[in-house]
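Heads up: the structure comes next, in structure tokens.
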Amino acid sequence: MNVPAIRVTNLSFQYTDHTPALYEVSFEVQPGERIALIGPNGAGKSTLLCHLNGILGMGSRECAIEIDGVPVLASRLAEIRQRVGLVFQDPDDQLFCATIFDDVAFGPLNMRLPADEVKRRVREALHCVGLEGYETRSAYHLSGGEKKRVSLATVVSMDVDILAFDEPSSNLDPKSRRALIHWLQRCGKTLLIATHDLDMAYESTDRVLVLNQGRLIRDGATREVLQDREFLEAAGLELPLRFHSA
Ligand code: ADP
């Protein structure tokens, strides 16, 4: 039997101020699956993504998550982070180096890749997000959409198998959003994409997980879930724009 790329078993979490964020969430993701994680604000999407590479959840005694069969434990974080790349919603949480080259090279350098390979990865990742030639610029001086694209490049350069994105299309202009959708369709990675952009989810994923108030309330095929108006509205969501006139 295949080892799932992601296995989450009865994951519950509350923040240190006791705000409850996730209740007994369980699901599995097979290698190569492309999944949208949807739900209204505060549903627990970002909290769940932050558990996948151990940014959150390291305090709990029981391990509720495995990545490629590896438990997400403090002692295994280096291995986990070679498997899972996470793109935060806010690029300012992702970009902290003096130049864009350094930001995009950060992951490959941490993987101790040779300098030539690091340069090649940076060049390719920037090409992939349409920012060739931006290497020496500083992220502080970029527009919100450009910063977002650099933050995408920081995980593309790592060439990990599992990518978790928090609102990857927010702030992107239509052309960059379209390029992102094409990339998501073609990249061949295991994807978990938290988003309110249900049209992007419709085009670039096969399966949808719906969170509401920290609970997983639906797990189904994208084409089914995203056309279920009654269900979406009850969950505080809407049909994708493409179905609005229907
Ligand atoms: P989503 O990404 O679906 O909008 P979040 O995962 O950000 O939802 O939030 C889930 C719940 O956890 C919300 O009630 C939110 O207010 C709360 N929350 C998020 N971050 C923190 C934090 N750092 N401290 C306390 N509560 C938080």
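The values are calculated or read from the model by the stated rules, or taken from the named source; none is laboratory data. Given the structure is predicted, the values throughout are model-derived calculations rather than measurements. Here the Cβ positions follow ideal geometry from the backbone for every residue, glycine too, while neighbour counts run over all protein chains shown. Just so you know, the surface numbers come from the protein's heavy atoms only, side chains and all, with ligands and any DNA or RNA stripped out. Shrake-Rupley method; radii C 1.70, N 1.55, O 1.52, S 1.80 Å.
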Electrostatic dipole magnitude of region 1-140 [Cβ: Lys, Arg +1; Asp, Glu -1; Cα centre; debye, to 20]:
220 debye
Heavy-atom accessible area per residue of region 93-246, all protein chains kept, 1.4 Å probe, expressed in Å², is 48 Å²
Filtered hits (lysines, Cα-Cα < 18 Å from Lys147, offset >= 8 within chain) -> Lys175
Along the Cα→Cβ direction, 7 angstrom out, place labels at Arg186 and Cys63. What is the inter-label distance in nm?
3.7 nm
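Ignoring ligands, DNA and RNA, please state the percent of accessible area on the chain from carbon and sulfur, probe 1.4 Å.
48 percent
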Which FRET efficiency, nearest 0.05, do Glu238 and Ser26 yield, Cβ-Cβ r, R0 35 Å?
0.85
Out of all DSSP beta bridges in the chain, what portion is antiparallel? Express it as a percent rounded to 5.
50 percent
Dipole of the chain [Lys/Arg +1, Asp/Glu -1 at C-beta], most positive-end residue of Ser169, Phe27, Gln14
Ser169
Among Thr136, Thr99, Thr195: highest mean-square fluctuation, GNM of the chain, C-alpha pairs under 10 Å
Thr136
Mind running the shape call on the chain? Use the C-alpha gyration tensor, a ≥ b ≥ c as the square roots of the eigenvalues: rounded below 1.5 for a/c, prolate if a/b tops b/c, oblate otherwise.
oblate
Roughly what would the spin-label model give for Ala179 and Leu109, points 7 Å off Cα along C-beta, in nm?
2.4 nm
Could you size up the charge dipole of the chain around its Cα centre, putting +1 on the beta carbon of Lys and Arg and -1 on that of Asp and Glu, and report it in debye to the nearest 20?
400 debye
Tell me, what is a quarter of the convex hull surface for the C-alpha atoms of region 37-129, in nm² with one decimal?
7.7 nm²
Given Ser143, Leu184, Leu237, which one lies farthest toward the positive end of the charge dipole of region 120-246, if we put +1 on the Cβ of every Lys and Arg and -1 on the Cβ of every Asp and Glu?
Ser143
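Between Glu230 and Ser170, how high is the FRET efficiency from 1/(1 + (r/R0)^6) when r is the Cβ-Cβ distance and R₀ = 25 Å? Nearest 0.05.
My answer for the efficiency is 0.40.
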